[in-house]
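Q: Let me give you the structure first, and then I'll get to my questions.
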Amino acid sequence: MESKHQSNCKLNRTEKKFLRKQIKARHTLLRHEGIEAVSYATQVLVVANGGLGNGVSRNQLLPVLEKLGQVDALLMPPTQWKDLGLQTFPPGLKVVEEIVSSEDEKLLLESINWTEDKDNQNFQKSLKHRRVKHFGYEFHYENNNVDKDKPLPGGLPDICDSVLEKWLKEGIIRHKPDQLTVNEYEPGHGIPAHIDTHSAFEDEIISLSLGSEIVMDFKHPDGVTVPVMLPRRSLLVMTGESRYLWTHGITPRKFDTVQASRGHKSGIITRDVGDLTLNKRGIRTSFTFRKVRQTPCNCSYPLVCDSQKKEPPPSFPENDKEASQLEQEYVHRVYEEIAGHFSSTRHTPWPHIVEFLKALPRGSLVADIGCGNGKYLGINKELYMIGCDRSQNLVDICRERQFQAFISDALAVPIRSGSCDACISIAVVHHFATTERRVAALQELVRLLRPGGKALIYVWAMEQEYNKKKSKYLREDRTSPEKKEEISSDTSVQEMLVEQMPGMGNQDSACSVPSINNFQNGRCNSKKGANSKLPIHTNRTSFHSQDLLVPWHLKGNPGKEKSIEPCGPLGTHDASPVFHRYYHVFCEGELEAACQALSNVSILQSYYDQGNWCVILQKVSLSL
């Protein structure tokens with residue numbers, strides 16, 4: 001160690017700086033990628049601070065490396081790259097390349113006079129980061145709408161009329177627009193992700209890219225992001241789901257990560273690190289055409305439509321009655337509606353739960369409280385397992401699979417006290433809306449156990465990043481091709497990865513449970529103000545509230561059917577009903593504290609498992 005220190009002292013300032021960077025890069029590789037760097041030469045060379053994230057393109061780096069010898073492969077992962085999970089355009093989106101000639105491009109660009117007299121009614125002030133002009137109707141950014149009673153004089157430029165007529169005749173577009181917004185983007189500028197106001201414009205929105213290509217990001221409410229290359233002189237056409245449900249925007253940056261092999265052709269930018277490079281942005285001018293809507297929007301996406309009445313989200317419950325009503329509407333009713341689709345995504349048992357069931361003595365009587373479609377009822381054939389669930393449709397699915405199951409409330413299970421050797425409660429307790437009701441559900445599990453009996457409990461965790469590792473819920477699509485095929489039947493992709501099981505309900509009558517004032521350990525704050533509304537969670541993102549509504553996008557026919565019509569990862573052009581389920585996500589230590597409030601139990605084990613807090617408890621005998 002001393003000799004190493006002496007050798008470091010002989011280094012000059014620049015060399016020491018490089019050494020520190022090397023050490024930092026080694027730690028980063030090991031921590032984030034699991035790659036261990038060594039001091040001797042290997043076939044793999046890592047170039048730190050010299051990749052896509054630092055503005056170095058494939059064409060710049062490859063010739064330098066080839067001077068040193070043969071290069072088998074050059075992998076250039078971009079900074080903070082995310083797995084996309086979707087390799088097709090969003091439904092209703094298409095890109096038509098070379099839609100205009102270079103001569104027409106020049107004429108269109110020259111038709112926009114950016115220096116005209118400010119007294120002209122068509123003159124609009126430039127925005128903070130770009131120049132903009134409107135024709136037909138002025139788009140008001142303060143309310144993201146147009147004044148339908150105040151059309152601008154002159155209509156659309158004559159050159160645009162001839163181009164639009166040609167596209168109509170060729171069937172590229174369906175309607176002739178009457179509103180045009182022209183934006184000029186300098187390199188480094190962008191536009192925030194947005195959905196064009198439903199009530200302002202008709203379904204079809206088209207955008208012509210002139211002067212330079214660009215990568216535009218499309219994002220589904222479930223969190224899936226699709227970067228799409230829009231080549232120079234191409235036309236983007238958005239209809240249906242891509243127009244009404246997906247946001248679109250341009251990230252402000254001077255370089256785009258693009259496919260090296262595809263050049264500037266349209267398509268999705270994939271995560272093939274062996275085929276990625278940087279493309280320097282130029283000045284891009286977009287011509288975005290829309291048709292102003294004269295009637296309220298009646299699209300199939302009411303949850304994001306400003307024309308259609310949306311019920312306000314429910315408030316935090318202030319008493320047991322309100323909690324019961326909340327669970328009835330946002331837990332029980334929802335699972336009845338989504339039972340068939342939900343069951344189609346629940347078929348892979350979790351290893352730690354299987355381990356618990358396999359370790360139980362032969363002949364044990366085990367109750368699965370909140371069994372859903374019975375995924376765990378047949379794991380260990382040497383056990384006598386019985387399940388119960390609040391959902392009639394899920395219990396029917398269990399019976400069709402030849403499992404023993406019945407309908408029951410998790411707060412009042414009709415099983416004799418002390419008759420079970422073990423119980424499991426997988427993703428159930430987090431559906432109860434107050435601390436008292438969650439404790440009551442845990443106490444009911446203990447009641448069923450004989451002295452010495454064990455219970456395994458899983459709840460969703462507030463911490464979806466734990467010990468510097470993200471859960472599968474946040475890591476998005478890191479699955480095998482077979483798994484991707486399974487995921488394709490479920491709009492809420494995270495449901496496959498997290499495997500949340502259906503929640504149980506409760507009776508209307510109040511239960512006598514200990515009053516628990518606070519289970520928090522100081523890191524989570526679940527205090528709610530009076531009449532405050534429950535937030536709606538954005539799927540596949542970190543939790544910002546312990547009490548929230550989580551969307552479920554239904555595919556196939558509702559009900560208890562087992563076969564679901566195949567569809568793409570994010571659905572088809574048809575509308576997908578969206579249901580919201582209530583959850584209380586648990587902070588670290590909260591589940592343990594709730595179990596410690598129970599009588600006659602000891603906690604045998606407490607652990608974190610892929611975004612869930614888990615406890616194994618044992619019922620102890622009363623001392624005489």
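Q: For the subset of region 74-117 comprising residues that are closer than 15 Å to residue 219 by Cα and in contact with a Gly (Cβ under 7 Å, 6 or more places away or on another chain), which member is modelled with the lowest pLDDT?
A: 88
Q: How many residues are of a type outside the set (Gly, Ala, Ser), open to solvent by 20 Å² or more (accessible area, probe 1.4 Å) and out of contact with any Asp or Glu (no Cβ under 9 Å at 6 or more places or on another chain) when one looks only at region 269-285?
A: Result for region 269-285: 4.
Q: Taking residue 166 as the residue in question, decide whether it is open to solvent by 40 Å² or more (accessible area, probe 1.4 Å), in contact with a strand residue (DSSP E or B) (Cβ under 6 Å, 6 or more places away or on another chain) and without any contact (Cβ under 8 Å) to a residue 40 or more places away in the chain.
A: No: the conditions fail for residue 166.
Q: Can you pull out the residues in region 213-222 that are farther than 14 Å from residue 266 by Cβ, open to solvent by less than 10 Å² (accessible area, probe 1.4 Å) and not charged (D, E, K, R)?
A: Of everything in region 213-222, just one residue is farther than 14 Å from residue 266 by Cβ, open to solvent by less than 10 Å² (accessible area, probe 1.4 Å) and not charged (D, E, K, R), namely 220.
Q: Out of curiosity, is residue 243 open to solvent by less than 10 Å² (accessible area, probe 1.4 Å) and not in a strand (DSSP E or B)? Break it down into steps so the answer makes sense when it comes.
A: Details: open to solvent by less than 10 Å² (accessible area, probe 1.4 Å): yes; not in a strand (DSSP E or B): yes.
Taking the combined requirement at face value, the residue satisfies it.
Q: Testing residue 321 on (1) under 29 Å from the mean Cα position of the chain (by Cα); (2) loosely packed, with under 15 Cβ neighbours inside 10 Å, one condition comes back false. Which one is that?
A: Among (1) under 29 Å from the mean Cα position of the chain (by Cα); (2) loosely packed, with under 15 Cβ neighbours inside 10 Å, the lone unmet condition for residue 321 is (1).
Q: Touching a strand residue (DSSP E or B) at 6+ places or on another chain (Cβ under 8 Å), assigned to a loop (DSSP other than H, G, I, E, B) and surrounded by 18 or more Cβ atoms within 10 Å (Cβ to Cβ), is that true of residue 387?
A: No; evaluated as a whole, the condition is false for this residue.
Q: Could I ask something else about it? Can you go through 363, 378 and tell me which one is small (Gly, Ala, Ser) and either assigned to a helix (DSSP H, G or I) or modelled with pLDDT under 95 (or both)?
A: Answer to the selection: 378.
Q: State all residues of region 578-590 that are outside any loop (DSSP other than H, G, I, E, B) and touching a helix residue (DSSP H, G or I) at 6+ places or on another chain (Cβ under 8 Å); if no residue qualifies, say none.
A: 578, 579, 580, 581, 582, 583, 584, 586
Q: Another one. Checking residue 339 against (1) touching a strand residue (DSSP E or B) at 6+ places or on another chain (Cβ under 8 Å); (2) open to solvent by less than 50 Å² (accessible area, probe 1.4 Å); (3) assigned to a helix (DSSP H, G or I): exactly one of these is not met. Which one?
A: So the condition that residue 339 fails would be (1).
Q: Right, something else. Within region 412-419, is there a residue that is polar (S, T, N, Q) and either open to solvent by 20 Å² or more (accessible area, probe 1.4 Å) or over 28 Å from residue 610 (Cα atoms) (or both)? Break it down stepwise before answering.
A: Step one: filter region 412-419 for residues polar (S, T, N, Q), giving 417, 419.
Checking which are either open to solvent by 20 Å² or more (accessible area, probe 1.4 Å) or over 28 Å from residue 610 (Cα atoms) (or both) leaves us with 417, 419.
Yes: one or more hits.
Q: Scan region 205-219 for residues that are more than 18 Å from residue 112 (Cα to Cα) and not β-branched (Val, Ile, Thr) and jot them down.
A: Residues satisfying the conditions are 213, 216, 217, 218, 219.
The values are calculated or read from the model by the stated rules, or taken from the named source; none is laboratory data. Here the structure is a predicted model, which means the values were calculated and not measured. Cβ atoms come from the backbone with ideal geometry, glycine included; neighbour counts cover every protein chain shown. Protein only, heavy atoms only, side chains kept; ligands, DNA and RNA dropped before computing areas. Shrake-Rupley method; radii C 1.70, N 1.55, O 1.52, S 1.80 Å.
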